[in-house]
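Peer 1: Input: one structure, supplied below.
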Amino acid sequence: MGRVLLWAMEPPIRKKFRSPRSFLPQEDERTPEELLSAFEESQRVFVALIPRCEGLDFSKVRPRYPASKFIKMNFWDALTLIAAHERRHLWQARRAIESAAALRRSSAASIE
């Protein structure tokens with residue numbers, strides 16, 4: 001099941017699906033700069049945890065998938081899913097920035 005989730009999560013997005021309610025973003029008053037800083041810090045924390053995994057048999061460790069108790073995957077699948085999920089967010093952010101820039105160009109061209 002982990003590999004199917006990985007395929008669905010990896011950008012570019014092939015199929016849209018709804019996030020579980022527990023994963024939906026809450027209202028956030030932070031600026032884009034603050035959000036980027038928080039994202040970068042979460043990445044630093046994640047990377048700092050990697051050495052603690054030394055010696056684990058990634059095929060035998062079975063973390064719980066937080067969205068559903070029915071989804072089973074091994075630790076390797078979980079790590080690759082997290083990485084794909086982060087790439088998906090970066091891809092979405094890049095698309096949002098490009099769309100905003102195109103909208104600004106379009107608005108500026110229509111004013112001229």
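Peer 1: Report every pair of residues separated by at least 6 positions or lying on different chains whose Cβ atoms are under 9 Å apart, first residue within the stretch 86-112 and under 26 Å from F17 (Cα atoms), second of a type in the set (D, E).
Peer 2: R87/E10; R88/E10
Peer 1: Every residue in the stretch 54-74 that is modelled with pLDDT under 90 and of a type in the set (A, V, I, L, M, F, W, C), please.
Peer 2: A67, F70, I71, M73
Table: residues versus (1) basic (K, R); (2) under 19 Å from D77 (Cα atoms).
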| position | (1), (2) |
| --- | --- |
| K15 | yes, no |
| L24 | no, no |
| E27 | no, no |
| S37 | no, no |
| E40 | no, no |
| L49 | no, yes |
| R52 | yes, yes |
| L56 | no, yes |
| R62 | yes, yes |
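One line per residue, one yes/no per condition, for (1) in contact (Cβ under 8 Å) with a residue 40 or more places away in the chain; (2) exposed (fewer than 11 other Cβ atoms within 10 Å of the Cβ):
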position	(1), (2)
A8	no, no
R21	no, yes
A48	no, yes
V61	no, no
L81	yes, no
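Peer 1: Then there is this: From (1) of a type in the set (S, T, N, Q); (2) open to solvent by less than 60 Å² (accessible area, probe 1.4 Å); (3) under 17 Å from the mean Cα position of the chain (by Cα), pick out the condition that doesn't hold for S107.
Peer 2: Of the numbered conditions (1) of a type in the set (S, T, N, Q); (2) open to solvent by less than 60 Å² (accessible area, probe 1.4 Å); (3) under 17 Å from the mean Cα position of the chain (by Cα), the odd one out for S107 is (3).
The values are calculated or read from the model by the stated rules, or taken from the named source; none is laboratory data. Bear in mind that the values here come from a model prediction, so they are computed numbers and not experimental data. Methodologically, a virtual Cβ is constructed for each residue, glycine included, from the backbone with ideal geometry; neighbour enumeration extends over all protein chains shown. These area figures cover heavy atoms from the full protein model, side chains too; ligands, DNA and RNA do not enter into them. Shrake-Rupley method; radii C 1.70, N 1.55, O 1.52, S 1.80 Å.
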